[in-house]
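Report on the structure given below.
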Amino acid sequence: MRFARPDEVKRLREEYPSGTRVELVEMDDMQAPPIGTKGTVYGVDDSGSVMVSWDNGSHLHVIFGVDIIRKITDK
C-alpha cells in the first residue's frame, strides 16, 4: 500500500468534499460494511483515505489505492 501524493490528496478532497454521498463497491477488510452500503463523506485524511460515516454505523475509512467507492448523484 502506498500513500497518496499531495496532489492526489488535493484531487480527492475536491472530488469527495464533506457531505458527498457514496456507495461501497469493494473494501479489503474483514469488518467492511456489505458491498452496496451507502454513506456520507466527512473528510479525506493526509494519506488519501476517504473518511466515511456509513449508513450502517461503521466508520471504516476507504483506503487509497485499495478500496473502491462510487459517488451517488441525484438524478
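Quick look at the values:
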{"quantity": "Hull shadow area, averaged, the chain [alpha-carbon convex hull, nm²]", "calculated": "4.8"}
{"quantity": "Relative contact order of the chain, defined on C-alpha pairs under 8 angstrom at six or more residues apart (%)", "calculated": "34"}
{"quantity": "Solvent-accessible surface ranking, highest first, for GLU23, GLU15 at 1.4 angstrom", "calculated": "GLU15, GLU23"}
{"quantity": "Heavy-atom accessible area order for ASP45, ASP28, ASP7, largest first, 1.4 Å probe", "calculated": "ASP28, ASP7, ASP45"}
{"quantity": "Summed side-chain charge close to ILE35 - residues other than ILE35 whose Cβ falls under 10 Å, Lys, Arg +1, Asp, Glu -1", "calculated": "-2"}
{"quantity": "Nearest-20 debye value, the chain charge dipole, Cβ charges on Lys, Arg, Asp, Glu", "calculated": "220"}
{"quantity": "Solvent-accessible area, 1.4 Å probe, carbon plus sulfur percent, for the chain", "calculated": "53"}
{"quantity": "Per residue accessible area of the chain, 1.4 Å probe, in Å²", "calculated": "64"}
{"quantity": "Per-residue [θ]222 nm for the chain (sum of -39500 (n - 2.57) over DSSP H runs n ≥ 4, rounded to 500)", "calculated": "-4000 deg cm²/dmol"}
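The values are calculated or read from the model by the stated rules, or taken from the named source; none is laboratory data. What you are looking at is a predicted structure, and each value in this text was computed from that prediction instead of being measured. Neighbour counts are summed over all protein chains in view; Cβ atoms, including those assigned to glycine, are modelled from backbone coordinates with ideal geometry. To get the accessible areas, we keep the full protein, side chains included, count just its heavy atoms, and leave off ligands, DNA and RNA. Shrake-Rupley method; radii C 1.70, N 1.55, O 1.52, S 1.80 Å.
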